[in-house]
């Protein structure tokens, strides 16, 4: 079983619509969860962090966390062409003071004008 | 504030040669991480420094890889001798504290011929 799974293929959404991305993780002890956005050839850019169950909103982005179901999601409202990128789900596997991120393979989002 | 910088951005070498990658973390960040993404796979953790000490090197693939962080500032990752399977994008990240979000550099694209 993979540590972090993002199973959806490329996602095409019309401009102005909501893009929904999902992620599951295997380690029940994980406490910190992140969404990164990556444009081609660029660094993963942190866009959201979430640490407790429920929703967290930041501008047009909403992250949702359900630790019981081991599930993290990201909603992008009013999608813009500039949101076209690969979105990476990352989970901090914090054990014994060590902190390393486990990543999913990423979801490519294409916003169609 | 300058972000995480990595050098070179791209390196092409022949199998059996040596390559050294460099990472300059965000100023003041004690925690420095190396990750790698090989073609078609997710980003994978390599190792974690706290200042000049290796906190976790469980992700290092083999003894051909040597990471150093003398003085607790910049870090180098040396691959010697390089093999074909070492090709990929090597990312460096840093964080202020171990459980804080990690900020990534643009990566070094390493191609082994």
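What to note about this one:
- Counted residues, region A:74-99 - those being assigned to a loop (DSSP other than H, G, I, E, B), facing chain B (nearest Cβ under 8 Å) and modelled with pLDDT of 95 or more: 0
- Members of region B:1-37 found to be in contact with a helix residue (DSSP H, G or I) (Cβ under 9 Å, 6 or more places away or on another chain), surrounded by 14 or more Cβ atoms within 10 Å (Cβ to Cβ) and assigned to a loop (DSSP other than H, G, I, E, B), listed by number: B:30
- Boolean, residue A:108 is within 9 Å of chain B (Cβ to nearest Cβ) and touching a strand residue (DSSP E or B) at 6+ places or on another chain (Cβ under 9 Å): no
- When region B:38-48 is limited to residues that are within 15 Å of residue A:90 (Cβ to Cβ) and surrounded by fewer than 21 Cβ atoms within 10 Å (Cβ to Cβ), the one that is modelled with the lowest pLDDT turns out to be B:41.
- For region A:16-34, a tally of residues being farther than 8 Å from residue A:70 by Cβ and part of a strand (DSSP E or B) returns 8.
- Test: residue A:108 is over 22 Å from residue B:37 (Cβ atoms) and touching a residue at least 60 places away in the same chain (Cβ under 8 Å): no
- Verdict on residue A:13 being touching a helix residue (DSSP H, G or I) at 6+ places or on another chain (Cβ under 8 Å) and outside any loop (DSSP other than H, G, I, E, B): no
- Scan of region A:63-86 for residues that are closer than 20 Å to residue A:30 by Cα and in contact with a strand residue (DSSP E or B) (Cβ under 7 Å, 6 or more places away or on another chain), ordered by number: A:63, A:64, A:65, A:70, A:71, A:72, A:73, A:74
- So residue B:105, is it within 14 Å of another protein chain (Cβ to nearest Cβ) and closer than 15 Å to residue B:9 by Cα: yes
- Only listed residue being within 11 Å of another protein chain (Cβ to nearest Cβ), touching a residue at least 12 places away in the same chain (Cβ under 8 Å) and not in a loop (DSSP other than H, G, I, E, B), chosen from A:102, A:63: A:102
Per-residue answers, yes or no, for (1) surrounded by 14 or more Cβ atoms within 10 Å (Cβ to Cβ); (2) more than 14 Å from chain A (Cβ to nearest Cβ):
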| position | (1), (2) |
| --- | --- |
| B:58 | no, no |
| B:77 | yes, yes |
| B:80 | no, yes |
| B:86 | yes, yes |
| B:90 | yes, no |
| B:99 | yes, no |
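The values are calculated or read from the model by the stated rules, or taken from the named source; none is laboratory data. Every value quoted in this text rests on a predicted model; they were computed, and no experiment measured them. All Cβ positions, glycine included, derive from the backbone under ideal geometry; neighbour counts span all protein chains shown.
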